Each structure stands twice: as C-alpha cells, then as structure tokens.
1. Residues of segment 373-397 being part of a strand (DSSP E or B) and crowded, with 20+ Cβ neighbours inside 10 Å, which ones?
2. What are the pairs, 6+ residues apart or on separate chains, where a residue within segment 78-92 that is assigned to a helix (DSSP H, G or I) has its Cβ under 8 Å from a residue that is modelled with pLDDT of 90 or more?
3. Hey, among SER169, SER128, which residue is farther than 21 Å from THR411 by Cα, in contact with a Lys or Arg (Cβ under 9 Å, 6 or more places away or on another chain), among the polar types (S, T, N, Q) and not in a loop (DSSP other than H, G, I, E, B)?
4. In segment 344-365, which residues are surrounded by 14 or more Cβ atoms within 10 Å (Cβ to Cβ) and at pLDDT 90 or above?
5. When you go through GLU280, GLU295, GLU320, GLU316 one by one, which is the residue that is over 30 Å from GLN401 (Cβ atoms) and modelled with pLDDT of 95 or more?
6. Just checking, does segment 207-226 include any residue being under 22 Å from MET325 (Cα atoms), open to solvent by 30 Å² or more (accessible area, probe 1.4 Å), at pLDDT below 90 and not hydroxyl-bearing (Ser, Thr, Tyr)?
7. Under the condition of being free of Cβ contacts under 8 Å to residues at least 24 places away in the same chain and not acidic (Asp, Glu), which residue from segment 359-380 is farthest from LEU290 (Cα to Cα)?
Amino acid sequence: MPELQSHRPLIVHLIVGLSVLLFPLIVTACSGRTDAAVRWDGTMRDSAGIQIVQNHGTPMWREGDAWTFTQSLRIGVVEGDSNYMFGALTGLVVLSDGRVVAGDARYHNVRFFSPEGVHLSTLGREGSGPGEFSGFINLMLGPGDTILAIDGRNAQASRISPDGEWLGSFSTVPAGGYWIVSWDDDETTREIVSLLRPVLDQVAPADAGFDLIVKRDLHGAFLDTLARVPTQRFFTGEGDNRLMHFYRGGPDHDLCDGRIVIGHSDEYRLVWQSLDGTVERVVTLDRERLEFTGEDEAALLGGFDAFAQQNQMPLERAAEIKSRMRFEKMYPAYSRFVCGPAGTLLVRRIRPVRELDEAQLLANLGTDPPGADEWDVFDREGRYLGVAPLPGPPHRHAFTQEASGAWLMSTLERDELDVPYAAVFRIEGIRQ
C-alpha cells in the first residue's frame, strides 16, 4: 500500500493525460463526426436560433482529400459539322437524363446533345419573334427540366421543353422602377429567381439603396420577394463629375438546396437563410483582404492603354476616362460564390491585377476584380474544407448528380485558339 500511495500522483496524471488524448475519439464515436470534422479549427455556437460558424482558416482537408476533376465529355470542333461548331457559348445546362443543352449567342440558337455528346436538335435563329434570339443567351433549369432561355438583347425569356420545343416567352423589360440585373436557378429545387436593381429617381429614397431578389415562375410572374440586399454602385456623380470606382465590394447571392446564400464582399461573411427570410446560419472565414498596390494600379492603367490603342481611341478621350478612375485601397474579401455539389458552397478567391499578363488584363478591365482559379470550399454546415481548383471560366458552373450518386460539373471551355467548347467533368472525392 505505501508503494501504491507513493505512485498515486503519477497514476492520476496518466489518467488525465489519457482522457485528454482519447476525448476527441470518444466524441467522434458518439456523434458520428468524421475524422475531418475533428480536425476543424473553427467554432460553432447558437445565437438566438441562428448558427454562428467561425472558420479560422485551417483546411479540414488533408493532402489528397481535395476534389479532382476529370473531363468526361467535350463538345465542339474547330471546323466541320456546323452542329458542333460554337461561336459564343453563353449558357450550358445538363438535364436529369444526362443530355447537354447549350446556348450560342453568335448563332442565336439552343442546341441539344445526348449524354455522349451527339447532336440531337437545334432550336432558334436570329430575330425577335417566337423561338428567335439575339445576343447573349443565358440558360436556367426549371421544374421538370423545362429550360428558361434569357435573351438580354431582346429583353425576353423563352420557355423550352426538355424535348427542345419552344413553349412561349415573356418580356423582361424593366417595370415598376426596377431593371433585371441577373437570373439564377436552384439546381436542387428548380426554383427561379431574378435580381432587380432600382432605377435612380424611380423608386422611393428608402428603397433606392437595395436590390431585390425575387422568386418567379416559368411564365415570369412574381411569386415572392426573398431578400433585399445593398445595391452595388460603380459610378458616382453626374456629367463632368461622373467617376468610375474600381474593385468596390458588392452583394452576391445563390440558391442552395432550397435556401438562399447572401454575402457582401466587403467582408468574408456569408448568410444562409430560408426562402421565407429566416436567417439560419452565418459563416465567416478569418482572412486578411489583399492590398491594392501602386503596382496593381500601374498594371490596370497599362491594360487600359493597350485596350485604347487596339480600339484606336483618341488620346484625349483615353486620358479623360483615366482621370475619372478611382481605386479602392483594398481588394474585396472574395470575387463571387456559387452553390456546389452535396450542399457545399464555393467561394472564388481574388487574383491581384499585378499577376495578370496582357491578354488577361484586357479580359479584366471591368470594375469587378479578377478572380483566381482557386475556390474556397465550405461544407453544408459552413465549415471550411479547403481549396478546389475549378476548371473552366467562372461564368457558369452547373452541378448535376447522376443516379449512381456521382457528381458532374458542366462548364464552358476555350482552347489555345480561343475556340469554345461545352465540357462536362466528373468530380472525385466528394463525401456526402
């Protein structure tokens, strides 16, 4: 007994130490949490029924956990059969049976392809009448695989059946003091929404600073206002005092699994809310914003000079435009976000202007900041998983789940000759 008494402090320390080491394993076994969840360095708490998720920046993914993208289909040719030649791909969706639908703004049509990439049918021609298109064609996917083709130049939206038949259209001309900025669809619920921006001096002062996210049906009818978000103004002043503001933060939104995610890129803070407006989750990521340096400004102005020279812009006009440019001191916290597969959210990182070559500068002369190839990935609970390098341009990534459970991503591609293609990638590494 005296010998046991003398070793009691050591035994107590061993028990305490083993408890500290084993506790995460016990929690994992009891709660069903994955090993990745144990590695999460953030915090999660409830505040008046709202889940507050704070991520400190350490990825839950370990080496080899990140998603990989394998191209399973590529549609398009440089020359040959005109059914496979694209001029300006602006829309792409994959139907529930795997068929691919592509909208081409140059040839003014919508084309249907089999899951293997074989051309099936073509709808549309240039014009403004029934079944005709002009300019940019954006494709939304509604209930029952009914397609909504948004034609900005004609200010109309056309309904197309899954079999490729034109079903009618409705006008998208601004009304009631608002104009339509963008459209969006929920790839899970097939909800359709549009973002409306107030026309200055046509709405009440209290409403002038907010965009409306409005739910609509496939006939264009307004069903409900889902949210009000601060509007984005890149221009201030009038006449000779009109200024252009580069790289201001702005609002963004997307529909995810029957919910809407809203954010403003002034800060890395994303809000999940139900369609009735109830806030369910607020997600943050600790990351310092990038500084907009003198090198960035010189690169951007150099890109504008190259653009002006290529377009034979008079020197006086170019100098006037440059004199009206104003630059933020910091880049926004992120570029944009989209809803990803299996309830994830993908947030595109910022790429500093100083890292762009001349061709990239010419393609990024707008007031929105350039986006990087890397996208931050959050799981359905808002925890930070890591970085996924999404292939293809960011203008349109659509995700589809096959009957087998595998996830596909459709996007638009261009080769080294700037030839456009419709592409589908299989995503590996997604954990439900």
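The values are calculated or read from the model by the stated rules, or taken from the named source; none is laboratory data. This one's a predicted model, so the numbers in the text were calculated from it and none came from an experiment. Cβ atoms come from the backbone with ideal geometry, glycine included; neighbour counts cover every protein chain shown. Ligands, DNA and RNA are stripped out before the accessible areas are found, and what is left, the full protein with its side chains, is counted by its heavy atoms. Shrake-Rupley method; radii C 1.70, N 1.55, O 1.52, S 1.80 Å.
1. First pass over segment 373-397, keeping only residues part of a strand (DSSP E or B): 373-378, 384-389.
Passing the criteria: TRP375, ASP376, VAL377, PHE378, TYR384, LEU385, ALA388.
2. Here the result reads ASN83/ARG111; ASN83/HIS119; ASN83/THR122; TYR84/ILE75; TYR84/GLY76; TYR84/VAL77; TYR84/HIS119, each pair linking segment 78-92 to a residue that is modelled with pLDDT of 90 or more.
3. On the way: SER128 fails: not in a loop (DSSP other than H, G, I, E, B).
The match here is SER169.
4. THR344, LEU345, LEU346, VAL347, ARG348, ARG349, ILE350, ARG351, PRO352, VAL353, ARG354, LEU356, listed by residue number.
5. Numbers: GLU280 fails: over 30 Å from GLN401 (Cβ atoms); GLU320 fails: modelled with pLDDT of 95 or more; GLU316 fails: modelled with pLDDT of 95 or more.
Criteria check complete, one pass: GLU295.
6. Going through segment 207-226, the residues under 22 Å from MET325 (Cα atoms) turn out to be none.
There is no residue in segment 207-226 that is under 22 Å from MET325 (Cα atoms), open to solvent by 30 Å² or more (accessible area, probe 1.4 Å), at pLDDT below 90 and not hydroxyl-bearing (Ser, Thr, Tyr).
7. Within segment 359-380, the first condition is being free of Cβ contacts under 8 Å to residues at least 24 places away in the same chain, and the residues that meet it are 359-360, 363, 366, 373.
Those left that are additionally not acidic (Asp, Glu): 359-360, 363, 366.
Working: ALA359: 23, GLN360: 19, ALA363: 21, GLY366: 18 Å.
The selected residue is ALA359.
Condition check ((1) surrounded by 14 or more Cβ atoms within 10 Å (Cβ to Cβ); (2) modelled with pLDDT of 90 or more; (3) in contact with a strand residue (DSSP E or B) (Cβ under 7 Å, 6 or more places away or on another chain); (4) within 18 Å of LEU218 (Cβ to Cβ)) across all residues:
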position: VAL118; (1), (2), (3), (4): no, yes, no, no
position: LEU123; (1), (2), (3), (4): yes, yes, yes, yes
position: GLY129; (1), (2), (3), (4): no, no, no, no
position: GLY135; (1), (2), (3), (4): yes, no, yes, no
position: ILE147; (1), (2), (3), (4): yes, yes, yes, yes
position: ASP151; (1), (2), (3), (4): yes, yes, yes, yes
position: GLN156; (1), (2), (3), (4): yes, yes, yes, yes
position: GLU165; (1), (2), (3), (4): no, yes, no, yes
